[in-house]
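Beneath this line is the structure, given in structure tokens, with notes to follow.
The values are calculated or read from the model by the stated rules, or taken from the named source; none is laboratory data. Just so you know, these numbers come straight off a predicted model, no measurement behind them. All Cβ positions, even for glycine, are placed from backbone atoms using ideal geometry, and neighbour counts span all protein chains on display. The area values use the complete protein model at the heavy-atom level, side chains included, leaving out ligands, DNA and RNA. Shrake-Rupley method; radii C 1.70, N 1.55, O 1.52, S 1.80 Å.
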Amino acid sequence: QLVESGGGLVQPGGSLTLSCAASGFSLDNYVIGWFRQAPGKEREGVSSISSGGTTKYSDSVRGRFTVSRDNAKNTVYLQVNSLKPEDTAVYYCAADFSQYPTYVHMRRAEYEYWGQGTQVTVSS
């Protein structure tokens, strides 16, 4: 099971730290992706981190979002800075098993496990 937390209402320019905690299995050998879905839009990938710490970002968030993982806590984080109203969405984390420590991707269909999401609203 994956559980996201850390969402909320924030003003433009603000920051949040989203967490994705796993229970029942170890995230050590999983690629973790962060996706978001705004009302009326498709779910899109924003970031991903390999089991070895290689990262990937979408163009829309690169330089503002930072993904990291703490395998000891079985948790992955997404630090979201310089938030814009267009970042408003439900943010989901997902896990894809991989034996390759540098393998990272944001292909939604390949992720096996999904959390329930956490709402991020950016508004003044």
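One residue stands out among those in the stretch 45-68 that are part of a strand (DSSP E or B), out of contact with any Lys or Arg (no Cβ under 6 Å at 6 or more places or on another chain) and not hydroxyl-bearing (Ser, Thr, Tyr): the one that is surrounded by the fewest Cβ atoms within 10 Å (Cβ to Cβ), which is 62. Against the criterion of being touching a residue at least 12 places away in the same chain (Cβ under 8 Å), open to solvent by 40 Å² or more (accessible area, probe 1.4 Å) and within 24 Å of residue 12 (Cα to Cα), residue 84 qualifies. At pLDDT 95 or above, out of contact with any Asp or Glu (no Cβ under 9 Å at 6 or more places or on another chain) and not in a helix (DSSP H, G or I): does that describe residue 36? When the stated conditions are applied, residue 36 does not pass them.
State whether the residues of the stretch 20-30 include one that is surrounded by 13 or more Cβ atoms within 10 Å (Cβ to Cβ), farther than 15 Å from residue 111 by Cβ and under 13 Å from the mean Cα position of the chain (by Cα). Yes, that holds for at least one residue. Among the residues making up the stretch 96-110, those that are under 11 Å from residue 35 (Cα atoms) and either surrounded by 14 or more Cβ atoms within 10 Å (Cβ to Cβ) or in contact with a Phe, Trp or Tyr (Cβ under 8 Å, 6 or more places away or on another chain) (or both) are 106, 108.
Determine, yes or no, whether residue 72 is under 22 Å from residue 26 (Cβ atoms), in contact (Cβ under 8 Å) with a residue 12 or more places away in the chain and either assigned to a strand (DSSP E or B) or open to solvent by 60 Å² or more (accessible area, probe 1.4 Å) (or both). For residue 72, the condition - under 22 Å from residue 26 (Cβ atoms), in contact (Cβ under 8 Å) with a residue 12 or more places away in the chain and either assigned to a strand (DSSP E or B) or open to solvent by 60 Å² or more (accessible area, probe 1.4 Å) (or both) - is not met.
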